1. When you go through Ala237, Ala204 one by one, which is the residue that is within 14 Å of the ligand (Cβ to nearest atom) and part of a helix (DSSP H, G or I)?
2. Considering only residues of the range 1-30 that are of a type in the set (A, V, I, L, M, F, W, C) and either in contact with a His (Cβ under 8 Å, 6 or more places away or on another chain) or outside any loop (DSSP other than H, G, I, E, B) (or both), which is surrounded by the most Cβ atoms within 10 Å (Cβ to Cβ)?
3. Mind counting the residues in the range 192-217 that are out of contact with any Lys or Arg (no Cβ under 9 Å at 6 or more places or on another chain) and either over 20 Å from Glu130 (Cβ atoms) or open to solvent by less than 40 Å² (accessible area, probe 1.4 Å) (or both)?
4. Of all residues in the range 120-130, which are open to solvent by 10 Å² or more (accessible area, probe 1.4 Å) and out of contact with any Pro (no Cβ under 8 Å at 6 or more places or on another chain)?
5. I need a count of the residues in the range 207-220 that are closer than 23 Å to Arg145 by Cβ and either among the acidic types (Asp, Glu) or within 12 Å of the ligand (Cβ to nearest atom) (or both).
6. Suppose we filter Gly88, Gly33, Gly73, Gly104 for residues that are under 26 Å from Lys253 (Cβ atoms) and open to solvent by 20 Å² or more (accessible area, probe 1.4 Å); which single one remains?
7. I'm checking my understanding of the structure. Among residues of the range 76-85 that are open to solvent by 50 Å² or more (accessible area, probe 1.4 Å) and in a loop (DSSP other than H, G, I, E, B), which one is nearest to Leu55 (Cα to Cα)?
Amino acid sequence: MRKPIIGGNWKMHLGTPNEAISLIKSLKSLIKGIKNVDIVIAPPFTVLESVVRELKKTDISVSAQNMYFEDKGAFTGEISPLFLKSMGVKYVILGHSERRQIFGETDDLINKKIKKALKESLIPIVCIGENLNAREAGKTKEIIRNQMNFTFQDLIGQDMIKIIIAYEPIWAIGTGKTATPKQAEEIHIFIRDILKEKYGENVADEIRIQYGGSIKPNNAKSLFSRENIDGGLVGGASLNSESFYEIIEAAEKNT
Ligand code: PGA
């Protein structure tokens, strides 16, 4: 049985300590009964440290939303994995479609970041997903297969079991258009089949695949009830403690 994992990707929101801490305090009191779900919060860099401090002595982990693949150097504006580790950050989101589309990140760059994160024992949450054109042209599986080939290039099964994959169809992100549970499950099965081909059944069975894209309290339960959907990466609905909690609760009830 894979333990569900729910991530809150705050994106470029709640980046001041007051806003961030107020949400975290409220979330902490709401999630007291949650036992069977891994919870991860990915706030902006500016509040990582405050959030880590506020979450000490809880089971909630903290993720960065990005990082660079070097330890240090002349890389203006970038953040080293060593800095993240020193702050107590455990996870890092890599290859989010906004990084790919707005900031031009390539599979090759994301692959370097994944390798570096693993080397530094940060857990990568790696996002893959097709855009609307690809979906409408019937190319979803082709795109997913390519992204997996290139972003996970050179990784072996032992690496892969440390990674969380987030399937995030781009047309569903921030649009209010969720993939139906059936559409999402179909691609999750496809992803797991590729993992089986490449790394064998045991590895494939172990890897958690989150769904992401307009998850809300009212659609979370039906998504999480699907066998291959192991939780979610939540954007908009993670900016409010109650709605984020309801999504966590939907995952808990499904265990
Ligand atoms: P959304 O974002 O829930 O606002 O659609 C999800 C994500 O981008 O991770």
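1. Values: Ala204 fails: within 14 Å of the ligand (Cβ to nearest atom).
Result of the check over Ala237, Ala204: Ala237.
2. Of all residues in the range 1-30, those of a type in the set (A, V, I, L, M, F, W, C) come to 1, 5-6, 10, 12, 14, 20-21, 23-24, 27, 30.
Those left that are additionally either in contact with a His (Cβ under 8 Å, 6 or more places away or on another chain) or outside any loop (DSSP other than H, G, I, E, B) (or both): 5-6, 20-21, 23-24, 27, 30.
Details: Ile5: 23, Ile6: 28, Ala20: 22, Ile21: 16, Leu23: 23, Ile24: 22, Leu27: 23, Leu30: 16.
Checked the range 1-30; the qualifying residue surrounded by the most Cβ atoms within 10 Å (Cβ to Cβ) is Ile6.
3. Step one: list which residues in the range 192-217 are out of contact with any Lys or Arg (no Cβ under 9 Å at 6 or more places or on another chain), which gives 192-193, 195-202, 210, 212, 215-217.
Now narrow it down to the ones that are either over 20 Å from Glu130 (Cβ atoms) or open to solvent by less than 40 Å² (accessible area, probe 1.4 Å) (or both): 192, 195-196, 199-202, 210, 212, 215-217.
Adding up the residues that qualify gives 12.
4. Ser121, Ile123
5. Within the range 207-220, the subset closer than 23 Å to Arg145 by Cβ is 207-213.
Those left that are additionally either among the acidic types (Asp, Glu) or within 12 Å of the ligand (Cβ to nearest atom) (or both): 210-213.
The qualifying residues number 4.
6. Numbers: Gly88 fails: under 26 Å from Lys253 (Cβ atoms); Gly73 fails: under 26 Å from Lys253 (Cβ atoms); Gly104 fails: under 26 Å from Lys253 (Cβ atoms).
None of the other options fit; the residue is Gly33.
7. First, pick out the residues of the range 76-85 that are open to solvent by 50 Å² or more (accessible area, probe 1.4 Å): 76-78, 82-83, 85.
When the remaining residues are screened for being in a loop (DSSP other than H, G, I, E, B), the result is 76-78.
Values: Thr76: 29, Gly77: 26, Glu78: 25 Å.
Checked the range 76-85; the qualifying residue nearest to Leu55 (Cα to Cα) is Glu78.
Here is a yes/no grid of residues against (1) under 21 Å from Val203 (Cβ atoms); (2) in contact (Cβ under 8 Å) with a residue 60 or more places away in the chain:
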{"residue": "Glu98", "(1), (2)": "no, yes"}
{"residue": "Thr106", "(1), (2)": "no, no"}
{"residue": "Glu120", "(1), (2)": "no, no"}
{"residue": "Glu130", "(1), (2)": "no, no"}
{"residue": "Thr151", "(1), (2)": "yes, no"}
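The values are calculated or read from the model by the stated rules, or taken from the named source; none is laboratory data. From a predicted model like this one, the values you see are computed outputs, not experimental measurements. Please note: Cβ atoms are built from the backbone with ideal geometry, for glycine as well, and neighbour counts cover all protein chains shown. The accessibility values were calculated without ligands, DNA or RNA, using every heavy atom of the protein model including side chains. Shrake-Rupley method; radii C 1.70, N 1.55, O 1.52, S 1.80 Å.
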